[in-house]
Each structure stands twice: as C-alpha cells, then as structure tokens.
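Here is the structure we will look at, set down as structure tokens.
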Amino acid sequence: MSNDTAGFGPAPETTGSEPATRPVLEVRGLEVRYGPRRRRRHALRGVSLSVAPGETVGIIGETGSGKSTLARAVLGLVRASAGSVVLDGEDVTAHGGRQWRALRRRGVVQYVFQDPLRSLDPDLTVEASLGEPLLVRGVSRAETARRVRAFLARVHLTEDLLGRLPGELSGGQRQRVAVARALVTEPRLVILDEPVSALDAANRVQILRILEELRDDGVSLVFISHDLGSVAGIADRIAVLYRGELVETGAAREVIGRPRHPYTRLLVRSAPTLRSAPADRAERAALRALLPA
Amino acid sequence: MPPLSEKLLTGTAKAERAERAQEKTPKATEAARTAGAGPASPSGPPSPVLALRDVRIGDRAGGREIVHGVSLTLTPGSAVGIVGESGSGKTLTCRAALGILPAPFEVTGGSVEIDGHDIAGLFPARWTDLRGATISAVFQDPASYLNPSIRVGAQIAEVVRVKQGRSRRAARRRAVELLRSVQLRDPELVSSQYPHELSGGMLQRVLIAVAIAAGPRILIADEATTALDVTVQAEILDLLADLRERTGLALVVVSHDLAVVAQLCDEVLVMRHGEVVEQGSAEDVLHHPRHEYTRLLIAEHEQYGLEKFRTPEEDA
C-alpha cells in the first residue's frame, strides 16, 4: 500500500495549541478497511472526532456501523489504513506494540468492554487484578494496596470483595471492578464499549453515576453504545456513526432533541419514551428512504 | 389419571384452533377491539389464558420464601409488564409460569393456571405439549438457547415439525417465513447459517421466530429486546403488536426499559425483593406512581434516558 494515504485529511494541529485545551483524543480522517483485497470494504471512512479534557463523547450507531472498530482503532487494536489517531498529543497511528505498552504505562488511555470477563483475568482476585497495573509500573506494595482500596470505594464496592475471583461476583460488581481496573492508573481518557448493555436497570444507573463522577474529576470518556438512553444520560456531545461514517456530531441536547441527519432521526424516533410511541412503520420507511444507499 | 391434561392435549387444542381460525376474519378482530378487550366470546369478560394467583416461590434448600405472592391475569391480546431490579423475582415468576423453575426453587403457594387449567401436578409429557404451542418464552441471552452446530433454519423447522406435525419440506418453508416475519433481511440466507455466523440482534430475532413458530397464545418476553439495536427493537415491538391484534397473542413483558413497557403493556407490576410493590394500569403506574420505589425507577429512567432531551411537543 502506498504511503501517501497516511496523510489523508487535515494535518494534526497539536503543535500550536495550549496543552491545557489540547484534545485528549484527536481522530483525523480515520479509515479502516477489512476483507480480502478483491472485496475490500470500509469499516470506517473519513472519521474525524476530538475529545477535550474532561469531556464525555457518546458514540451511537447500530450493529455494523463501526462503533467498536473505532474504539479498537483508537486503542491500537486494529490498524488504520489512512488518517491519524493522536492521543494526548502523541501520534499513535503507526505505533507498535512496545510503544503502545509505554503509552499505557504512562496512563493515557484505558478501556472497558461490555463483557467484564474479557477485561478481567479469571484467575486473579479482585485485589490482584486491580493492583497488577500499579505493581507493573513500580508502585510499592503498600501504596498499591492503599490505591486499590481507594478505587474500589470509588466504584462503590466494599473491601470484602478483594479476595474474590471475577466468577464469584455478580455482573454489576464485575463491571464495576472492570471500571476500577481501568481507573487505577489514573488515565486521562477511558474508552467504554457498551459498558452497561449487559446490566440491569439498577446496575446500569450505578455505572452511569460512577462515570459522571469521573467526568467531574476531569477524566475524558468515550462512551460507545447502541442504547441511546444511556448515551443521552451521560454524554456532553454525541457522534452518530452510520456505515462507518460520522453523519452527525453535536451537543447531546441537539442530537437527541433536534436530530438533523435522517439516520439520527431514524434512530431517535425508533426509540419509545415514557410519553411517546416510536415512529410507525411508514415514518421509519420514509426516513430510511432518505439515507444514502 | 388427570382428565384436565387430556383436555389440554385434545379438546382445548382443537377449540384453540377453531378460535384462532375465527379470529382471522377481520370482523371478529374488529369486534373484539371495539369491545375493548382481546378476542373473546361475545358474552361476558374474556377468559384468561394465564392466571397467577398469589404465586409464592421458595428456595427448598434455604427454606425461605423468595417471591412473596404475585397475582396477574392475562386475557387474549393483553399485555402485562413486570419491572424491577435484578433479584426482585421477575424472572423466577416467569419461569414458574413456564414450569421451568431451576432447582432448588419451587412454587410454595398460590396457583398458576394456563388456559383455565392448574399446572400443579402436570406431567412432564403434558408440559412438552403445552410449551411452544400454548405458552412460550424469549430470554435475553439468545446464543445459549440455540444449538451451535445445527443450522438456524433446521432448528426452527424442527419446532414446526414436532409442534405442528408438518412435513419436513413444509417446515423448512415455514422456518423461512418465520424468519421473514421477524424482519430478518435475507431469511433464506439466515436459515442456512449457523448461530455463530449471526449477530446478537439477529440471534434474538431467530429466538423470537422459534418462540412464535407453533402459534402460542402466551409469549413471555424477558428482556427480549434489550440487546437489540433501536430500529430492530422498533420492528420487534411492531411485530408483537401485530401478533396481539391478529392472533390474540397475550404478552408478559419483563424489561428494565420502562419506555418499552409503556409502549407494549396495558398493566404493570413493579417488583422489589420478591414483593409486588405496585400494580395497576400502565397509565397509572408509569404516569401517576404511588410507591416510592416506582417513583425512583421513573426518575432514574428520565435522568438516564431520552426523556432528558425529548419533550412531548418535540415528538409531536
């Protein structure tokens, strides 16, 4: 593949801006392709998005819209075929494994997935799981024990769970441990991919409250979900992905309250609320007809 | 020994078929709708298809009661919603109605009647006839209910063949029709695929297709649309509304999403710690809640839901 595609999109503006207002995440013209050469398709195309310090950006879209690919590309788990990803001023687009490990050690970015069993080692107790990232970074045992307890409290869990394995926790507790593990290294940005989708109402609200507290502490969040309600509840801004492209980005109130793109209107109007029925088949078909083929 | 189970097998099933055939005429459906109830005999109130009377569920091993009395009545075409946090007894109540309480739980009091017959003491063989054909269910985690090594279409066709006695070929055709009715875009293709080739939303629709395959009179939907994309959820909600109207299917809807319950249900039960803390019409419970727990659920829903930014005027 030729090299000139790497410069696709406007150049990153990280050099001239103030560090205080510099975005924690800056995605420019991101493109991810997959499949064999003949039938290569775009998972993401021309995606540009920035996340300011302390900002929560929600990403909505349906199965196959590229939400998770975006998260994985930002985390270096899939390779971009064009465009750039800049994390806290550092262009990570071409980073290899060693550079990523260094970045993670610096505590720039962490992640939480839908299934906490994927982010937690099943053979490690809660205490070991939370302490491991700190011990790896050379934090003393005493200080690690102190911080593990502090972060456990931050996700509203009690210390009697420290000796448990992930399999011995409830789904809600497990997801809170996964959040705590993402937090112990005090990252500036946390990527959350469907973090509340497997939880019941009470646990969902509890996780969302914890995330709000994090945001108030200045942590930036990227919250990816198919559940519009959760995203509306927590995001400052919302970006809408449709077939790998961002079709609308704006303040949460605007995107949910006054959606402009037909796809956003289709999403928002398909969801019932306590007071209103969703759009009927005819209205949904009319909105669908407005979408690019 | 029990003549009632014999009736379930023969008489009732026949009567059901006759009733359903009648419901197919638009006139009958129209009359039922104007009467303000599900399809029913013109005289008197419609007889319930499912009735729970003070159902109590206990843990045999621990010797304690977990669900402290649930009562609900489902008439044809009606829908009851159950809301509450996990561990409140919603799912156990559903499982009791299906006769599939996992050990060590058991019904310790009250009664469950399906189509007027008490299910206590029903033989396993009778249950097999009842499930699918009269009462069926969809749960949240679709992958664990399908056989990973059998094509999706064959699994649905199996249900159709066993429950409705159709030929293999007819059952295959019916499977594709069912997949189309749950709004899967390419039903022929899906029919030939294995569960691992399908997304969670597609699997959930397959499960719904299985659940309605034998034309049940009662469908229990336990978080059935939770994992679905919002546009797919809208399709499924429409499909369930259609089935209610067209065939008089009665629904029990368990959901953490109060908006889904508001959309589908006539009556709502709010459960907490095994207790029904509030029960009434969906309008009363969701718009004029009396119990503080119901108020909390609604407040949380509005704070972390679309209601935060959507007003009824904007929706209009």
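The values are calculated or read from the model by the stated rules, or taken from the named source; none is laboratory data. These numbers were taken from a predicted model, which means no experiment stands behind them. Note that we place each Cβ from the backbone using ideal geometry, even for glycine, and neighbour counts take in every protein chain shown.
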> Do the conditions hold for B:ASP257, that is, is it within 21 Å of A:ASP280 (Cβ to Cβ) and facing another protein chain (nearest Cβ under 7 Å)?
Replying inline: no
> So, of the residues in segment B:201-223 that are crowded, with 19+ Cβ neighbours inside 10 Å and of a type in the set (Gly, Ala, Ser), which turns out to be nearest to the chain's Cα centre (by Cα)?
Replying inline: B:ALA221
> Looking at (1) crowded, with 18+ Cβ neighbours inside 10 Å; (2) of a type outside the set (Gly, Ala, Ser); (3) more than 20 Å from A:LEU189 (Cα to Cα), which is the one condition that is false for A:PHE223?
Replying inline: (3)
> Any idea which residue in segment B:166-185 is surrounded by the fewest Cβ atoms within 10 Å (Cβ to Cβ), counting only those that are among the small types (Gly, Ala, Ser) and farther than 22 Å from B:ASP238 by Cα?
Replying inline: B:SER167
> Looking at this structure, is B:GLU188 over 21 Å from B:ASP242 (Cβ atoms), surrounded by fewer than 16 Cβ atoms within 10 Å (Cβ to Cβ) and not polar (S, T, N, Q)?
Replying inline: yes
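So that you can scan it fast, the table gives a plain yes or no per residue for (1) in contact with a Gly (Cβ under 7 Å, 6 or more places away or on another chain); (2) more than 27 Å from B:GLU278 (Cβ to Cβ); (3) surrounded by fewer than 17 Cβ atoms within 10 Å (Cβ to Cβ):
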residue: B:SER47; (1), (2), (3): yes, no, yes
residue: B:ARG53; (1), (2), (3): yes, no, yes
residue: B:LEU72; (1), (2), (3): no, no, no
residue: B:THR75; (1), (2), (3): yes, no, no
residue: B:SER78; (1), (2), (3): yes, no, no
residue: B:VAL83; (1), (2), (3): no, no, no
residue: B:LYS90; (1), (2), (3): yes, no, no
residue: B:PRO104; (1), (2), (3): no, yes, yes
residue: B:SER111; (1), (2), (3): no, no, yes
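Each row is one residue, and each column tells you yes or no for (1) part of a loop (DSSP other than H, G, I, E, B); (2) touching a strand residue (DSSP E or B) at 6+ places or on another chain (Cβ under 7 Å); (3) surrounded by 17 or more Cβ atoms within 10 Å (Cβ to Cβ).
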site: B:LEU130; (1), (2), (3): no, yes, yes
site: B:ALA137; (1), (2), (3): no, yes, yes
site: B:ASN147; (1), (2), (3): yes, no, no
site: B:ILE150; (1), (2), (3): yes, no, no
site: B:GLN155; (1), (2), (3): no, no, yes
site: B:GLU158; (1), (2), (3): no, no, yes
site: B:ARG161; (1), (2), (3): no, no, yes
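Residues are listed down the side, and each one gets a yes or a no for (1) over 22 Å from A:GLY229 (Cα atoms); (2) in contact with a His (Cβ under 6 Å, 6 or more places away or on another chain):
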position	(1), (2)
B:ARG244	yes, no
B:LEU249	yes, no
B:GLU278	yes, yes
B:GLU283	no, no
>> If I filter segment A:270-278 for residues that are within 11 Å of chain B (Cβ to nearest Cβ) and closer than 30 Å to A:GLU26 by Cβ, do I get at least one hit?
In response: no
> So which helices (runs of 4 or more DSSP H) stay within segment A:64-151 end to end and still have 2 or more residues that are of a type in the set (A, V, I, L, M)?
Replying inline: A:67-74, A:97-105, A:126-136
> Just checking, how many residues over segment B:236-254 are free of Cβ contacts under 8 Å to residues at least 12 places away in the same chain and more than 9 Å from chain A (Cβ to nearest Cβ)?
Replying inline: 1
> Restricting attention to segment B:199-211, does a residue exist that is free of Cβ contacts under 8 Å to residues at least 12 places away in the same chain, under 25 Å from A:SER65 (Cβ atoms) and not aromatic (Phe, Trp, Tyr)?
Replying inline: yes
>> For segment A:52-71, give me the residue count where each residue is among the hydrophobic types (A, V, I, L, M, F, W, C) and farther than 19 Å from A:PHE113 by Cα.
In response: 1
> Going by the structure shown, is A:VAL231 closer than 14 Å to A:GLY61 by Cβ and either in contact with a Gly (Cβ under 8 Å, 6 or more places away or on another chain) or of a type in the set (Val, Ile, Thr) (or both)?
Replying inline: yes
> Among (1) in a helix (DSSP H, G or I); (2) at pLDDT 90 or above, where does B:THR108 come up short?
Replying inline: (1)
> Could you say whether any residue in segment A:160-173 is under 20 Å from the mean Cα position of the chain (by Cα) and away from chain B (no Cβ under 14 Å)?
Replying inline: no
> Within the group A:ARG258, A:ARG269, which residue is under 19 Å from B:GLU307 (Cβ atoms), free of Cβ contacts under 8 Å to residues at least 60 places away in the same chain and surrounded by fewer than 16 Cβ atoms within 10 Å (Cβ to Cβ)?
Replying inline: A:ARG258
